[in-house]
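Reading through the structure tokens given below for one structure.
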Amino acid sequence: MASLLAEGMTIRGDIVTEGDVHLDGAVDGDVSVGRLILGETGAVTGVVTAESVEIRGRVTGTISARQVRLCASARVDGDIRHTELAIEAGAHFEGRSLVFPEAADEAQMRLDIAAE
């Protein structure tokens, strides 16, 4: 069961949990969770760190997660560090896409093996 921050609520400060969070409100601070679902009305101004992130709302700051999905309504202004990144048509992303070093090493190993 995910924790829910409803539309119309604003938190000024950090959110930290190993659990899942569904965010329809606003956070002015860092978010460090197991899994984040940011709804269309959700907004984060700060650093987002998670295993998995699905963005439908707005993030102003860095996202760092193994799996990142930007839905069509997403607006991200900041860098994204990831292993997997999916961006739907219509999503706005202004920043850099940075692959985690271990993912880049793994991808290079696959290329080297395929070349043999």
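The values are calculated or read from the model by the stated rules, or taken from the named source; none is laboratory data. Owing to the predicted nature of the structure, the values given are computational and were not obtained by experimental measurement. With ligands, DNA and RNA removed, areas are computed over all heavy atoms of the protein, side chains included. Shrake-Rupley method; radii C 1.70, N 1.55, O 1.52, S 1.80 Å.
So the values come out like this:
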| quantity | calculated |
| --- | --- |
| Three-way shape label, region 35-79, alpha-carbon gyration tensor, a/c 1.5 | oblate |
| Under-5 Å amide H pairs with Ser64, H placed in peptide plane, nonlocal only | Val48, Thr49, Ala50, Arg81 |
| Calculated on alpha-carbon atoms, Rg and Dmax of region 1-59 in Å | 9.6, 26 |
| Gaussian network model of the chain, Cα within-10 Å springs - most flexible of Arg96, Arg56, Arg81 | Arg96 |
| Share of carbon and sulfur in the accessible heavy-atom surface of the chain [1.4 Å probe, %] | 51 |
| Residue of Ile63, Ile87, Ile55 that the Gaussian network model of the chain assigns the largest fluctuation, springs spanning Cα pairs under 10 Å | Ile87 |
| Estimated [θ] at 222 nm from DSSP helical runs (n ≥ 4, -39500 (n - 2.57)) normalised by residues in the chain, nearest 500 | -4000 deg cm²/dmol |
| The chain - percent relative contact order, Cα under 8 Å, separation 6 or more | 14 |
| Solvent-accessible heavy-atom area per residue, rounded to whole Å², over region 1-65 at 1.4 Å | 50 |
| Residue among Gly13, Gly42, Gly25 with the largest mean-square fluctuation in a Gaussian network model of the chain, springs linking Cα atoms under 10 Å | Gly13 |
